[in-house]
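Contents: one structure, followed by commentary.
The values are calculated or read from the model by the stated rules, or taken from the named source; none is laboratory data. Please read all numbers here as calculations on a predicted model, not as lab measurements. Note that each Cβ is placed from the backbone with ideal geometry, even for glycine, and that neighbours are counted across all protein chains shown.
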Amino acid sequence: MGEPDGYVEFVAYRGTQLFRMAYLLTGERYAAEDLAQITLGKLYSAWSKARRADNLVAYSRTVMIRSYLAARHKTRLEHVGEPHREPVAPDADISLRLTLFAALAELSREDRAVVVLRYWHDLSVEDTAVLVKASPGAVRNRSMRALSRLREHLGSDLSELTGGQQ
């Protein structure tokens, strides 16, 4: 029995993006690999339903966010200790990326999910609310609190790392 029609192509095309999202959520390479694998496994199991979705990328993002939030009691996806530093492209601002990853690791799982969806994936408040199963007002509140905590954590470091541009 072969792979479901289109699954391998989807994984080849979107697998790296799913891993990046998992890394932003977990802050640790091995936990990100686990979360990406869990997501891909769930997609595989429900592929006949998933491939009929209007937006397969959004569907896979939903599966990942819900898996991530459901795993809060499982230590395997929990951030433990200092996060593993993901290799970055040579032209990327490494100091800024590492500082932002460290700041993200200080947020709760729910706040981190909201920040990643709103600001890395540029989703609307309403779309984020659907994914994290919260009201739009709760997403706005989490966003404000999380951004405030990020600013506290980053302090003057962010303006130094960005050359004063925030």
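Can you name the residue in segment 92-118 that is loosely packed, with under 15 Cβ neighbours inside 10 Å and without any contact (Cβ under 8 Å) to a residue 40 or more places away in the chain and is also farthest from Ala71 (Cα to Cα) among such residues?
Selected residue: Ala92.
Restricting to segment 91-118, and then to whatever is over 11 Å from the mean Cα position of the chain (by Cα) and among the small types (Gly, Ala, Ser), can you tell me which residue is modelled with the highest pLDDT?
Ser108
Within segment 70-85, count every residue that is modelled with pLDDT of 50 or more and of a type in the set (Gly, Ala, Ser).
2
Kindly list, by first and then second residue, each pair from a residue in segment 56-67 that is assigned by TED's automatic domain parsing to the domain that holds Ala22 to a residue that is basic (Lys, Arg), limited to pairs with Cβ atoms under 6 Å and residues at least 6 apart or on different chains.
Pairs that qualify, where the first residue is assigned by TED's automatic domain parsing to the domain that holds Ala22 and the partner is basic (Lys, Arg), are Val63/Lys42.
Looking at Ala31, is it touching a residue at least 40 places away in the same chain (Cβ under 8 Å), surrounded by 14 or more Cβ atoms within 10 Å (Cβ to Cβ), among the aliphatic types (A, V, I, L, M) and assigned to a helix (DSSP H, G or I)?
yes
Assuming Arg66 fulfils every condition listed in (1) closer than 20 Å to Gly15 by Cβ; (2) surrounded by 17 or more Cβ atoms within 10 Å (Cβ to Cβ); (3) at pLDDT 75 or above apart from one, which condition is it?
The failed condition is (2).
Exactly one of these conditions fails for Gly155: (1) modelled with pLDDT of 75 or more; (2) over 18 Å from the mean Cα position of the chain (by Cα). Give me its number.
(1)
Test Arg149 against the criterion of being surrounded by 12 or more Cβ atoms within 10 Å (Cβ to Cβ), at pLDDT 90 or above and not assigned by TED's automatic domain parsing to the domain that holds Arg14, and give yes or no.
It is false that Arg149 is surrounded by 12 or more Cβ atoms within 10 Å (Cβ to Cβ), at pLDDT 90 or above and not assigned by TED's automatic domain parsing to the domain that holds Arg14.
Could you check Val88 against (1) surrounded by 17 or more Cβ atoms within 10 Å (Cβ to Cβ); (2) modelled with pLDDT under 90 and say which number it fails?
Answer for Val88: the failing condition is (1).
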